[in-house]
Amino acid sequence: MLSKDQKIEIKEILSNASACIIYTGAGMGVDSGLSVFRGTEGLWEKYPEAGKIGLSFEKLANPNNYQKYPEVVIPFYLDRYKSYRNAEPHSGFYELLGYVSGLKNGYFCVTSNVDGLFQKSTFNKERVYEIHGAIDAWQCSNYNCAKKSGLEGLRYNIEDTYNINEIDDFRCEICGDHIRPNICMFYDFNWYSYKHDLQENKYNSFSNKLKERRKKVAIIEIGAGEAIRSIKTESELTAYDLNTKVIRINKYPVKSDLNDPDVITIEMSAAEGVAYIMSLIE
Ligand SMILES: NC(=O)c1ccc[n+]([C@@H]2O[C@H](COP(=O)([O-])OP(=O)(O)OC[C@H]3O[C@@H](n4cnc5c(N)ncnc54)[C@H](O)[C@@H]3O)[C@@H](O)[C@H]2O)c1
Ligand SMILES: [Zn+2]
């Protein structure tokens, strides 16, 4: 439960902001029917084949392991590709879009998710930074070939009706190597980071400008977890630099979320939490 002061604080942050940065993690996708993994343990429940050979989250989610453990890693990414492609953005995306579209100094979305839901809900794709890449872009698993062939046009073999067992069908037409999503989770030296780097530069220049010009910014963070703390750390540091608090929506907050004086935590699901904070400025 939020205190009266916290409600007033949220209202003030949102009404006085001239810009907004939205940070999201796996929990943002849940109201769109996508599951969170809950680290390695949760992952093994969902993908028991990975559990059988003891493949940690770090290894399974690393597309570079396509070559080493193709029979587990490829179905994992194909399964995600299919479910993310079919997912529909929930109401929270559209409510946030309505809010940020009215801000004089614009917005940016920063996400550890690879599902493309910001773009699908018509956020400006120039204002999205996908820190681990995205599943809609694929590359050859050979870096040198990927660099030449790029990202576009490598989706040709991936049909909606794919048979998950036909692993060998998913190959680069140029060199015959496996194709893989243009996602980087951990230590992935074959990742072709061109698209990510462009997004990152745009985000850095956007946030640096806000810092230099001392703009009032709303920092809204949704569904970001502890398994990989990159999103939480980034939102907290940015809020600190911009002299504001993080408005954090998380259905199952950890203790430190609730005790941190620089964070206002709303214990709700993504869609519910966004509707709630927006109701405070109506
Ligand atoms: N949709 C996607 O692209 C997707 C899905 C799963 C995981 N991932 C990525 O994999 C990595 C690890 O993910 P993970 O799942 O182990 O993280 P995690 O389990 O550490 O974090 C998930 C967070 O979501 C919160 N949450 C759960 N349900 C929610 C809801 N309905 N509304 C709001 N918050 C909710 C949880 O409390 C938790 O803090 C991350 O980088 C993540 O972005 C991406
Ligand atoms: Zn190739």
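Some points to look at:
- Put the Cα centre of the stretch 197-265 next to the Cα centre of the stretch 53-95 and the gap is 25 Å.
- Efficiency of FRET between PHE189 and THR122 - r from beta-carbon atoms, R0 41 angstrom, step 0.05: 0.75
- Net length gained if the chain between SER3 and TYR252 were fully extended (0.36 nm per residue, minus Cα distance): 87.8 nm
- Counting every other Cβ atom within 10 Å of each residue's Cβ, CYS109, CYS184 order from fewest to most as CYS184, CYS109.
- Of the residues TYR252, TYR203, the one with the fewest other Cβ atoms within 10 Å heads the list, and the complete ranking is TYR252, TYR203.
- For the stretch 172-227, the set of GluC sites (Glu not before Pro) satisfying both a DSSP loop assignment and a count of at most 15 other C-beta atoms within 10 Å is given as GLU173, GLU226.
- Using the Cβ-Cβ distance between ASP260 and GLU173 with R0 = 35 Å, the FRET efficiency computed as 1/(1 + (r/R0)^6) comes to roughly 0.10.
- Each of PHE170, PHE189 has some number of other Cβ atoms within 10 Å of its Cβ, and from fewest to most they run PHE189, PHE170.
- The slack between SER18 and GLN67, meaning 0.36 nm per residue of separation minus the straight C-alpha distance, is 12.9 nm.
FYI, it's all coordinate maths here, none of it is from the lab. Quick caveat, the model's predicted, so the values are computed rather than measured. Cβ atoms come from the backbone with ideal geometry, glycine included; neighbour counts cover every protein chain shown.
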